[in-house]
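Q: Please read through the structure below; I'll follow up with questions.
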Amino acid sequence: MSLFSQRPFSERTATWLAQSGLHPLLARLYAARGLQSPEELSLDLKQLISPVELKNCINTAGLLADILEKKEPMLIVADYDCDGATACAVGLRGLRMLGGLDTPIQFLVPNRFTMGYGLTPEVVELAAQQNPKPKYLITVDNGIASEAGVDRARQLGMEVIVTDHHLPGDHLPKALAIVNPNQPGCSFPSKALAGVGVMFYLLVALRAELRKRGKFTNETQPKVENLLDLVALGTVADVAQLDRNNRVLVSNGLKRIRAGISQPGIQALFQAATRDPRKANTFDLGFAIGPRLNAAGRLADMTLGIRLLLTDDADEAMRLAHELDRINRERRVIESGMQETALSHLAEDQLSGTMSERNSICLWNQEWHQGVVGIVASRLKERFNRPAIVFAPADGNTGEELRGSGRSLTGFHLRDALDLVSKREPGLILKFGGHAMAAGLTIRKDDFEKFDTCFQQVASELLTDELLERRHAHDGGLDPSEFTPEIGDLLAEEIWGQGFPQPVFFGEFEISQQSLMKEKHLRLMVKPLGAGASSKPLTAVWFNRTQSLPAKARLAYRLVTDRYQGQARVQLMIEAHDEAANT
């Protein structure tokens, strides 16, 4: 059974926000998300926290300024997801912008299937073979746990500058410099910066350092703000917490996309996804643009995605975007098959009664694709409301290792849980890393059952009945007069995401029609109770649900504006049904 609760908010704060000129509905929603005063509404770039507060950022900017002046060769080592790709593009574009087009800088992104994650010694060996051999390696969205890689780089005559946002291990790598808001001793107020945000901050500090050295004036300095469309994409796609600082970054990036002045690669991705960039929002970045870029790292090579973000040629951008779109369609087919197999396996557990006794899900299959395990884990976590880890063979069907990706529930810190398993059973997990909500790991194939048992034990100890209860936070009801395309557009323009959730409303509806779309999505015609006889029924859709609803139902929903053949109409996207109200 699910529990539904309205997000609390201060009526006084909502009134104060509305009196400042904010729409009353937005005032209520913002008050429920912790805003306290009208001053907090501003998402102007001037509101960004200063780079001075980011540990080592100013000193590292000085190092980079020296490197640029000497024209010493650099190599950016990227991660293979959307955050890593955008961080790489921001770093390359930004350093060339500040150092000149002749800046000797290249990039390298590890193949996730052959080299694993981060600055491994194998990646360092490959970096040393580049021509010219780099003197400095700059990691983006990785490196904080790469002790061995950094040591190998120094042995080969290369220094490493780490820019990352992941949580550190017990020891920091012996890098030349580390910029990471989550490293020990960093008092930067926003721990939620994505990897691309860290790189952007370093560029802002570098520009200030070069300005101080007389290379630019305020009037002639390059506009690193032109890279904010990339920062917005990487931040949203990495599901970073949208605190005020990140909302400033995302808001200004979206402004550039809507104004038609984003990178050609991002414009091409919008076109390939058949989305209108003039109405770009965080939903587009997270669910349409980000997955297409991520697809390269999941099934092929993220070099393709980074090339797209680096090109200034519109035709090349379109060609690469369509290739990514094709790879993403392939990813969906693979994911669908893996999910079907996983659900079939879990259905057997449900029939035998073992599923109800478990607080976690661990699965693997010889035929599964390691590039898609994270997505499948996310789907299983959502469906069963349990932490889920899905594994696939690390080296094809002949390998002895499994690589897994996990997704967690709020309140169950996945990386810490894996750390506990590792401490209780040394050697069981070969390597791991990640966040509270997502983590990756490698184990031996023969140790799967043992890992499953150990992880289940940790989950049973740390997960309470309250955490395992499916909870739906909502924003109360809407007045019948608010079911309009204008309200849908108003909501779509705002910056919603992790930690600043998209509004979900709750109310009782009369359901007049129900049918299935593509045999797997429920389509409804509904009318809010109390709307009056003259009000027209609204279209509602519940994706991935086939079970019909009663004639009257209390529903949690999102309100969106659907446009078809020039006509705008309201559509409800159903999130959940309060079944207790119908028992």
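Q: What's the number of the only condition in (1) within 30 Å of M573 (Cβ to Cβ); (2) under 22 Å from the mean Cα position of the chain (by Cα); (3) not in a helix (DSSP H, G or I) that D301 fails to meet?
A: For D301, the exception is condition (1).
Q: So, one more: Give region 143-172 a look and list any residue that's buried (at least 23 other Cβ atoms within 10 Å of the Cβ) and on the phi < 0 side of the Ramachandran plot, or say none.
A: In the first step, residues of region 143-172 are kept if they are buried (at least 23 other Cβ atoms within 10 Å of the Cβ); the result is 143-146, 149-150, 153, 160-165.
Once the filter is applied, which keeps residues that are buried (at least 23 other Cβ atoms within 10 Å of the Cβ) and on the phi < 0 side of the Ramachandran plot, region 143-172 yields I144, A145, S146, G149, V150, A153, V160, I161, V162, T163, D164, H165.
Q: Can you confirm whether G62 is over 28 Å from F500 (Cβ atoms), within 22 Å of the chain's Cα centre (by Cα) and surrounded by fewer than 20 Cβ atoms within 10 Å (Cβ to Cβ)?
A: Numbers: over 28 Å from F500 (Cβ atoms): yes; within 22 Å of the chain's Cα centre (by Cα): no; surrounded by fewer than 20 Cβ atoms within 10 Å (Cβ to Cβ): yes.
The answer is no for G62.
Q: How many of the residues in region 313-328 are among the aliphatic types (A, V, I, L, M) and exposed (fewer than 15 other Cβ atoms within 10 Å of the Cβ)?
A: Start the filter on region 313-328 by keeping residues that are among the aliphatic types (A, V, I, L, M), which leaves 314, 317-318, 320-321, 324, 327.
This time we only want the ones that are exposed (fewer than 15 other Cβ atoms within 10 Å of the Cβ), so: 314.
Qualifying residue count for the region: 1.
Q: Since S190 meets every condition but one in (1) touching a His at 6+ places or on another chain (Cβ under 8 Å); (2) in a loop (DSSP other than H, G, I, E, B), which condition does it not meet?
A: (1)
Q: Residues of region 432-455 being out of contact with any Asp or Glu (no Cβ under 9 Å at 6 or more places or on another chain), of a type outside the set (D, E) and crowded, with 16+ Cβ neighbours inside 10 Å, which ones?
A: The answer is G433, G434, H435, M437, A438, A439, G440, L441, F448, F455.
Q: OK, next. Just give me the residues in region 321-337 being within 25 Å of G118 (Cα to Cα), in contact with a Leu (Cβ under 8 Å, 6 or more places away or on another chain) and in contact (Cβ under 8 Å) with a residue 40 or more places away in the chain, in sequence order.
A: Hits for region 321-337 are L324, R331.
Q: Further question: Name every residue in region 362-390 that is within 16 Å of the chain's Cα centre (by Cα) and aliphatic (A, V, I, L, M), in order of residue number.
A: If the condition is that a residue be within 16 Å of the chain's Cα centre (by Cα) and aliphatic (A, V, I, L, M), then V372, V373, I375, V376, A377 are the ones that fit.
Q: Also: How many of the residues making up region 193-219 are assigned to a helix (DSSP H, G or I) and at pLDDT below 95?
A: Qualifying residue count, region 193-219: 0.
Q: Tell me, please, whether a residue that is in contact (Cβ under 8 Å) with a residue 60 or more places away in the chain, outside the structural domain of G118 (by TED's automatic domain parsing) and either charged (D, E, K, R) or under 28 Å from P168 (Cβ atoms) (or both) can be found in region 418-425. Reasoning before the result, please.
A: Narrowing region 418-425 to residues in contact (Cβ under 8 Å) with a residue 60 or more places away in the chain: none.
Scanning region 418-425 turns up no residue that is in contact (Cβ under 8 Å) with a residue 60 or more places away in the chain, outside the structural domain of G118 (by TED's automatic domain parsing) and either charged (D, E, K, R) or under 28 Å from P168 (Cβ atoms) (or both).
Q: Still on this structure, I have one more. Output the residues belonging to region 170-203 that are more than 19 Å from A85 (Cα to Cα) and touching a Pro at 6+ places or on another chain (Cβ under 8 Å). Outline the logic, then answer.
A: Here is the first cut: in region 170-203, the ones more than 19 Å from A85 (Cα to Cα) are 170-178, 181-191.
Within region 170-203, L172, N182, Q183, P184, F188, S190, K191 qualify.
Q: So V109 ticks every box in (1) in contact (Cβ under 8 Å) with a residue 60 or more places away in the chain; (2) farther than 28 Å from R298 by Cα but one. Which box is left unticked?
A: (2)
Q: Looking at M517, M525 in this structure, which one is touching a residue at least 24 places away in the same chain (Cβ under 8 Å) and among the aliphatic types (A, V, I, L, M)?
A: Numbers: M525 fails: touching a residue at least 24 places away in the same chain (Cβ under 8 Å).
Answer to the check: M517.
Q: Okay, next question. Could you tell me whether region 46-54 includes any residue that is surrounded by fewer than 16 Cβ atoms within 10 Å (Cβ to Cβ), farther than 24 Å from N182 by Cβ, without any contact (Cβ under 8 Å) to a residue 60 or more places away in the chain and out of contact with any Ser or Thr (no Cβ under 7 Å at 6 or more places or on another chain)?
A: yes
Q: While we're on this one: If we only count helices (runs of 4 or more DSSP H) wholly inside region 226-291, which ones have 2 or more residues that are more than 19 Å from A192 (Cα to Cα)? Reasoning before the result, please.
A: On the way: elements: 228-237, 244-258, 264-272.
Here the list reads 244-258, 264-272.
Q: A follow-up question, please. If the requirement is being basic (K, R), surrounded by fewer than 21 Cβ atoms within 10 Å (Cβ to Cβ) and outside the structural domain of F200 (by TED's automatic domain parsing), which of these qualifies: R33, R28?
A: Values: R28 fails: surrounded by fewer than 21 Cβ atoms within 10 Å (Cβ to Cβ).
Going through R33, R28 in turn, the sole match is R33.
Q: Quick one: in region 475-491, which of the residues that are in a loop (DSSP other than H, G, I, E, B) and on the phi < 0 side of the Ramachandran plot is modelled with the lowest pLDDT?
A: Within region 475-491, the first condition is being in a loop (DSSP other than H, G, I, E, B), and the residues that meet it are 475-479, 483-484.
Add one more test, that the residue is on the phi < 0 side of the Ramachandran plot, and what stays is 475, 477-479, 483-484.
Values: D475: 98, G477: 96, L478: 95, D479: 92, F483: 95, T484: 95.
Across region 475-491, the extreme among qualifying residues is D479.
Q: In this structure, is L95 aliphatic (A, V, I, L, M) and crowded, with 22+ Cβ neighbours inside 10 Å?
A: Judged against the criteria, L95 is a match.
Q: Let me ask something else about it. So is E494 modelled with pLDDT of 95 or more, outside the structural domain of E382 (by TED's automatic domain parsing) and loosely packed, with under 15 Cβ neighbours inside 10 Å or not? It would help to see each step written out before you state the result.
A: Details: modelled with pLDDT of 95 or more: yes; outside the structural domain of E382 (by TED's automatic domain parsing): yes; loosely packed, with under 15 Cβ neighbours inside 10 Å: no.
No: the conditions fail for E494.
Q: Has region 258-267 got any residue that is surrounded by fewer than 24 Cβ atoms within 10 Å (Cβ to Cβ), without any contact (Cβ under 8 Å) to a residue 40 or more places away in the chain and of a type in the set (V, I, T)? Can you show your working first?
A: Residues of region 258-267 that are surrounded by fewer than 24 Cβ atoms within 10 Å (Cβ to Cβ), as a first pass: 258-261, 264, 267.
Imposing the further condition that a residue be without any contact (Cβ under 8 Å) to a residue 40 or more places away in the chain reduces the set to 258-261.
Filter once more, keeping what is of a type in the set (V, I, T): 261.
Scanning region 258-267 turns up at least one residue that is surrounded by fewer than 24 Cβ atoms within 10 Å (Cβ to Cβ), without any contact (Cβ under 8 Å) to a residue 40 or more places away in the chain and of a type in the set (V, I, T).
Q: Would it be correct to say that Q155 is farther than 24 Å from G234 by Cβ, in the same structural domain as A85 (by TED's automatic domain parsing), at pLDDT 95 or above and polar (S, T, N, Q)?
A: Values: farther than 24 Å from G234 by Cβ: yes; in the same structural domain as A85 (by TED's automatic domain parsing): yes; at pLDDT 95 or above: yes; polar (S, T, N, Q): yes.
Spelling it out, Q155 is indeed farther than 24 Å from G234 by Cβ, in the same structural domain as A85 (by TED's automatic domain parsing), at pLDDT 95 or above and polar (S, T, N, Q).
Q: Between a first residue in region 1-20 that is at negative phi and a second residue that is modelled with pLDDT under 95 and among the charged types (D, E, K, R), which pairs have beta carbons less than 6 Å apart while being 6 or more apart in sequence or on different chains?
A: Close Cβ pairs (under 6 Å, with a partner that is modelled with pLDDT under 95 and among the charged types (D, E, K, R)) amount to S2/R470; L3/E469; L3/R471; F4/D578.
The values are calculated or read from the model by the stated rules, or taken from the named source; none is laboratory data. All values reported here derive from a predicted model rather than from experimental measurement. Positions of Cβ are backbone-derived with ideal geometry, glycine not excepted, and every protein chain shown enters the neighbour counts.
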